[in-house]
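In what follows, a single structure is set out as structure tokens and then discussed.
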Number of protein chains: 2
Amino acid sequence: MANVAVMGFGTVGSGVYEILKQNAEHIAGKAGEEVKVKYILDIRDFDDHPEKQLFTKNFADIAGDASVSTVVEVMGGLHPAYEYTKELLENGKSVITSNKELVATHGTELLEIAEKHNTNYFFEASVGGGIPIIRPMHQCLAANEIEKIAGILNGTTNYILTQMIEKGKSFGDALTDAQNKGYAERNPAADVEGHDACRKIAILASLASGKFVDYKDIPTEGITEITLEDVRYADSMDCVVKLIGYAEISGGKVMARVCPMIIPRTVPLSDVDDVFNAIMIHGNMVGDVMMYGRGAGMLPTASAVVADVIDAVKHSNVPKHLTWTAAEENIMLDGDEKQTVMFIRTLAGADAVRREFADAEFVDNIVDEETAFLTPKLSEKEIRSRLDKIGDIVSGLRVLEI
Amino acid sequence: MANVAVMGFGTVGSGVYEILKQNAEHIAGKAGEEVKVKYILDIRDFDDHPEKQLFTKNFADIAGDASVSTVVEVMGGLHPAYEYTKELLENGKSVITSNKELVATHGTELLEIAEKHNTNYFFEASVGGGIPIIRPMHQCLAANEIEKIAGILNGTTNYILTQMIEKGKSFGDALTDAQNKGYAERNPAADVEGHDACRKIAILASLASGKFVDYKDIPTEGITEITLEDVRYADSMDCVVKLIGYAEISGGKVMARVCPMIIPRTVPLSDVDDVFNAIMIHGNMVGDVMMYGRGAGMLPTASAVVADVIDAVKHSNVPKHLTWTAAEENIMLDGDEKQTVMFIRTLAGADAVRREFADAEFVDNIVDEETAFLTPKLSEKEIRSRLDKIGDIVSGLRVLEI
């Protein structure tokens, strides 16, 4: 029998408990032995819980119990999750987490400690909730060099954009709607400003390149500036606007970015609606593959955590190292040099546009007195310098190329 | 260093060789040691090959070489692939295959032999080509009971249907086009009659249920009867026609089927076009997840084979058993009892339809003198019995519900 401790009894933690209970027999079959929750750590009281004897407020109960082989850390936040994880790994216990903040910040060190102590640090649930993504990328696409990743990594913003696209709601109304449905926090900054997606693409880019990609080095724009007019222009081009976490890996270097993008409806990512997430990966042998599913929610996220638990239990003696290491030099490429097509709205006239972009592809304007166009494919730096000369820019959005 | 033998130097075999060469350094990093091709078995001569010394026509060279730990079987067909695989597993070698025919026919016995001899029998590439599907389903969704699978599992038929839908080509013209492009064989029966998809859904249903599902027990219809009118009717309902491998697993029982289905454009599977494949899986905890990518082709399929090779090399001492066992009783449920909605075309009038299906939802007819409608949700048996009373049925297609 494998004894598991769950640290943090919030949404994901209670989901993990429920899955381990509800699918117990199935999980025992998969893991090769019974998987049982021995402790639940939470600072709150759960006196009404049917298994209230499992609860503890004392981390030392878990760290000091040699019979606990695997610990689920779903507390969120950096502290004390970091200190706890470190101590548990040093004690040789496997740690499973959904804490993207912690993985994106201290992942390099924690993976190193896990390797040193011959144990596992797994984080499938930290990206894409219930969608299998970390393991497929690391293991099933192991024969490939991963060249590109483009993902809809945040369900809240995708719900808001879907409401704007399909219901014609403004950003503000769609946000209020998302908050009322429990999809967005009262303070929605982490989602709508792209910070959540940024941590997730940083984790994926680290895995794909094998070197730590610091989320702080990834230029990040959210969707707060996206207007209904942007959405309607996209629609007129048979496209949609989505918040994309993007990474290109080449020759050991990484170019990463989080920003809203224009996506042609012919691209499968364009059909990922509401709170669903999807990640498109381009491998040098397999070409494009995409994984799609629920990127958040109690049971989907807990499903990914429990899969990691089963894997850790099966491989407690032979740890499987999902790993990246610290980069010895700066591996980040400047996004300014990336060749791209941009969709631009300006109050300047078509002549002014033509002077700078002889090959501009004009789009019928939806807003009076605006000129709308697609630039030719040029470096972002070059595009920006020409836009400065045109002036009166209303908005600019990159077009995703897969 | 891990020595690998490749049996069969056709499309997939030469792809495996190429990937192991081209991504050698990357693969060594993933596997923890260099992975080297020591033998290539083929009955043909390859005297012009730069590494012609690797080729052999003698299976005993491979079976008798203790330094070969892992063998790739991409010969296709049942014999001698079955006999070779059996002997290799009995010798303790890991065998990796893309041979869906063999896995769907003798998988149960070969998995049992692998387990007994403490070695691996992996077959990621047998379903969905380069798409990670076997391992994500078995491992990443391990916390879930898999309740439903619906997949576009055959690229040839999906290409043909896409041509019919998007270009208005007839089935015959689209088939000729697919043959000219090399997507369809001169004898296209295995693809267009659904046999290929049938073996693949049998493998997925076996994995999901843990019990062997014999492909011979799966009712299978191909796309040879699909007309442009069917496709146009679907379009008028904002749907498309796709060939679907379908399985429902419940209480240890399996209902499986291969048939063309009407799929609403709101369902992500509807956007899977051309030779791409996708598999939608419904787990009781995670909900719907979908994996999308290239279901065939030299490098995508070889990419999945090589991922299995890496996994086998890493786990040569601690085999990972992907497994199902023989079913002790008949586990197949009769599809006749399944509740479904059908789209029906008949030469009978609307009154005759209304007499049998008071709740029929009529669809504007595209062909003169036809009546077209959607049945209410009823058992297939019930629907068929009522259709017999209406008579003059032109065609009937099931509507996919996800």
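Is region B:348-358 home to any residue that is out of contact with any His (no Cβ under 6 Å at 6 or more places or on another chain), buried (at least 18 other Cβ atoms within 10 Å of the Cβ) and of a type in the set (D, E, K, R)? If you could, list the steps in order and put the result at the bottom.
In the first step, residues of region B:348-358 are kept if they are out of contact with any His (no Cβ under 6 Å at 6 or more places or on another chain); the result is B:348-358.
Narrowing further to those that are buried (at least 18 other Cβ atoms within 10 Å of the Cβ): B:348, B:353, B:357.
This time we only want the ones that are of a type in the set (D, E, K, R), so: none.
So far as region B:348-358 goes, no, none of its residues is out of contact with any His (no Cβ under 6 Å at 6 or more places or on another chain), buried (at least 18 other Cβ atoms within 10 Å of the Cβ) and of a type in the set (D, E, K, R).
B:E328 meets the conditions (1) exposed (fewer than 13 other Cβ atoms within 10 Å of the Cβ); (2) of a type outside the set (K, R); (3) touching a residue at least 40 places away in the same chain (Cβ under 8 Å) in every case but one. The failed one is (3). (1) more than 24 Å from A:A202 (Cβ to Cβ); (2) touching an Asp or Glu at 6+ places or on another chain (Cβ under 9 Å): which one isn't true of A:E356, the others all being true? With (1) more than 24 Å from A:A202 (Cβ to Cβ); (2) touching an Asp or Glu at 6+ places or on another chain (Cβ under 9 Å) applied to A:E356, the lone miss is (2).
Of everything in region B:91-129 that is part of a loop (DSSP other than H, G, I, E, B) and of a type outside the set (S, T, N, Q), the residue that is surrounded by the fewest Cβ atoms within 10 Å (Cβ to Cβ) is B:G92. A:N277 meets all of the listed conditions (1) of a type in the set (S, T, N, Q); (2) surrounded by fewer than 22 Cβ atoms within 10 Å (Cβ to Cβ); (3) in contact with a strand residue (DSSP E or B) (Cβ under 7 Å, 6 or more places away or on another chain) but one, namely (2). Would you please name the residue that is surrounded by the fewest Cβ atoms within 10 Å (Cβ to Cβ), looking only at residues in region A:130-145 that are free of Cβ contacts under 8 Å to residues at least 40 places away in the same chain and hydrophobic (A, V, I, L, M, F, W, C)? Looking at the filtered set, the residue picked out is A:A142. Only one of the numbered conditions (1) closer than 21 Å to A:L88 by Cα; (2) buried (at least 18 other Cβ atoms within 10 Å of the Cβ) is not met by A:N58, and that is (2). Give me the residue from region A:239-269 that is out of contact with any Leu (no Cβ under 9 Å at 6 or more places or on another chain) and modelled with pLDDT under 95 and, out of that set, surrounded by the fewest Cβ atoms within 10 Å (Cβ to Cβ). Looking at the filtered set, the residue picked out is A:G251. What do you reckon, is B:M137 assigned to a helix (DSSP H, G or I), of a type in the set (A, V, I, L, M), out of contact with any Cys (no Cβ under 9 Å at 6 or more places or on another chain) and within 14 Å of chain A (Cβ to nearest Cβ)? So B:M137 fits the description; yes. Restricting attention to region A:270-288, report how many residues are in contact (Cβ under 8 Å) with a residue 60 or more places away in the chain, acidic (D, E) and within 7 Å of chain B (Cβ to nearest Cβ). Total satisfying the criteria: 1.
Could you check region B:152-247 for helices (runs of 4 or more DSSP H) lying wholly inside it with 3 or more residues that are more than 21 Å from B:L269 (Cα to Cα) and in contact with a helix residue (DSSP H, G or I) (Cβ under 9 Å, 6 or more places away or on another chain)? Reasoning before the result, please.
On the way: elements: B:155-167, B:171-180, B:189-192, B:195-209, B:228-236.
Answer list for region B:152-247: B:171-180.
Yes or no, residue by residue, for (1) away from chain B (no Cβ under 14 Å); (2) out of contact with any Cys (no Cβ under 9 Å at 6 or more places or on another chain); (3) without any contact (Cβ under 8 Å) to a residue 40 or more places away in the chain:
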| position | (1), (2), (3) |
| --- | --- |
| A:M290 | no, yes, yes |
| A:R294 | no, yes, no |
| A:V313 | no, yes, no |
| A:K338 | yes, yes, no |
| A:G349 | yes, yes, yes |
| A:E356 | yes, yes, yes |
| A:I366 | yes, yes, no |
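Looking at A:A125, A:A174, A:A178, A:A184, just one residue is within 18 Å of the chain's Cα centre (by Cα) and either under 29 Å from A:G396 (Cα atoms) or of a type in the set (D, E) (or both), and that residue is A:A184.
Count of region B:170-210 residues, restricted to those that are among the charged types (D, E, K, R) and surrounded by fewer than 20 Cβ atoms within 10 Å (Cβ to Cβ), is 6. Could you grab me the full set of residues in region A:251-263 that are in contact (Cβ under 8 Å) with a residue 40 or more places away in the chain and within 14 Å of chain B (Cβ to nearest Cβ)? Result: A:G252, A:I263.
For region B:1-45, name all the residues that are of a type in the set (D, E, K, R), free of Cβ contacts under 8 Å to residues at least 24 places away in the same chain and at the interface with chain A (Cβ under 10 Å from one of its Cβ atoms).
Listed by number, the list holds a single entry, B:E25.
Working only within region B:297-309, note down all residues that are surrounded by 24 or more Cβ atoms within 10 Å (Cβ to Cβ) and either hydrophobic (A, V, I, L, M, F, W, C) or facing chain A (nearest Cβ under 7 Å) (or both). Passing the criteria: B:L299, B:P300, B:A302, B:S303, B:A304, B:V305, B:V306, B:A307, B:V309. Within region A:337-352, the only residue that satisfies the criterion of being among the basic types (K, R) and within 18 Å of A:D230 (Cβ to Cβ) is A:R345. Filter region B:284-293 down to the residues that are closer than 22 Å to A:P268 by Cα and either over 19 Å from the mean Cα position of the chain (by Cα) or surrounded by 24 or more Cβ atoms within 10 Å (Cβ to Cβ) (or both) and list them by number. Across region B:284-293, the qualifying residues are B:V286, B:G287, B:V289, B:M290, B:M291, B:Y292, B:G293. A:E115 meets the stated requirement of being within 29 Å of the chain's Cα centre (by Cα), of a type outside the set (F, W, Y), within 14 Å of chain B (Cβ to nearest Cβ) and under 23 Å from A:T325 (Cβ atoms).
I'm trying to understand the selection: among the residues of region B:248-274, which are out of contact with any strand residue (DSSP E or B) (no Cβ under 7 Å at 6 or more places or on another chain) and part of a helix (DSSP H, G or I)? Passing the criteria: only B:D271. Residue check: A:N277 meets all listed conditions (1) farther than 30 Å from A:T108 by Cα; (2) of a type in the set (S, T, N, Q); (3) under 21 Å from the mean Cα position of the chain (by Cα) but one, namely (1).
Of all the numbered requirements in (1) farther than 22 Å from B:A28 by Cβ; (2) touching a residue at least 40 places away in the same chain (Cβ under 8 Å); (3) surrounded by fewer than 24 Cβ atoms within 10 Å (Cβ to Cβ), A:T157 misses one, and that requirement is (3).
The values are calculated or read from the model by the stated rules, or taken from the named source; none is laboratory data. Keep in mind that what you see is a predicted model, and the values were worked out from it rather than measured. In this analysis, Cβ positions are derived from the backbone assuming ideal geometry, glycine residues included, and neighbour counts consider all displayed protein chains.
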